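To start, the structure itself, in structure tokens.
Read the figures in this text as sums done on the coordinates, not as results from a lab. Computed from a predicted structure; not experimentally measured. Cβ sites come from the backbone with ideal geometry, for glycine too, and all protein chains shown count toward neighbours.
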Amino acid sequence: MNTVAHQTSTYTARRGQLETYFDRTAVEAWARLTTDAPVSRIRATVRAGRDEMRAQLLSWLPQDLTGRRILDAGCGTGAFSVEAARRGADVVAIDLSAKLVSIAAERLPRDLGKGSVTFGVGDMLDGRFGHFDHVVSMDSLIYHPTADLVRCLDTLSERTNSSIIFTFAPRTTMTATMYSIGKLFPRADRSPAIVPVEELDLKVRIGRNLALDEWHVANTRRISRGFYISQAVELARR
């Protein structure tokens, strides 16, 4: 498959915006955020939240991943990929941003034990990257409306054997207020517009999608740390 199976104009437009933002505008800030370097109080809460979320997603995978093939869909600077590879996984780490992928490759430790990481630049939905035992998409689908998010899960399910683990931005009174307030902050502290999603609506749409009929929500957990609010979901084959 050389193109996205269920690509829509909104998905394509947003994909282009994200590529531009992370490759041209935010690469330095994102690279700093994913280190121990000092950052603003706002970004410090995002860093802490992302660290906790990464640990949560890893906890839903087998401790021993030897021989398992994992797609890190939206790998950023590669922190998740490294941890999965250290458990023995063969990770395919994909991101729209060539600059972030370059940083991830530079940071990759020499010794990953039995595991490996192969980096690629492109769309996480591109079938050319092959089939996987597990797909993990941490904070990569939070920029898409519910319908597009479910279409992405639909497409990924066609080449995933065991589980799809992803996050979304839950729609709550607090998040709606925070996203509105966030627009008042300096542009350096702003990311592309996150699209809050109604949890019940998401679950209903997943349940109604025929391509996801063999899948069920096995786990879910919300993590809130200051300006970081994200909800993790594990979809598992029945």
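Annotations
- Dipole-positive endmost among 35, 149, 118 within the chain (Cβ charges, Cα centre): 35
- In the chain, the DSSP-assigned H stretches of four residues or longer account for a calculated mean residue ellipticity at 222 nm of -11000 deg cm²/dmol, using -39500 (n - 2.57) per stretch and the full residue count as denominator.
- With K and R counted +1 and D and E -1, the other residues having a Cβ less than 15 Å from that of residue 201 yield a net charge of +2.
- Volume per residue that the Cα convex hull of the range 89-179 spans, once the total is divided by residue count, Å³: 128 Å³
- Measuring nothing but how far apart in sequence close Cα pairs (under 8 Å, 6+ apart) lie, relative to its length, the range 9-237 scores a relative contact order of 20 percent.
- With only the Cα atoms considered, the range 1-76 has a convex hull volume of 154 Å³ per residue.
- Near the amide H of residue 138, within less than 5 Å, lie the amide hydrogens of 73, all on another chain or at least 5 residues away, with H placed in the peptide plane.
- Cα pair distances in the range 9-237, grouped into 10 Å bins until the bin that holds the longest one, percent each: 8, 34, 40, 17, 1
- Estimated FRET transfer efficiency (residue 201, residue 44; beta-carbon r; R0 22 Å; 0.05): 0.10
- Label point 7 Å beyond Cα of residue 107 along Cβ direction - residues of the range 40-66 with amide nitrogen under 15 Å: 44, 46-55
- Applying the Karplus relation 6.51 cos²θ - 1.76 cosθ + 1.60 with θ = phi - 60° to the range 212-229 yields 3J(HN,Hα) values of 9, 4, 8, 10, 9, 6, 8, 8, 8, 7, 9, 10, 10, 9, x, 8, 10, 9 Hz, where x marks Gly and Pro.
- Förster radius 25 Å - calculated FRET efficiency between residue 177 and residue 28, Cβ distance, rounded to 0.05: 0.30
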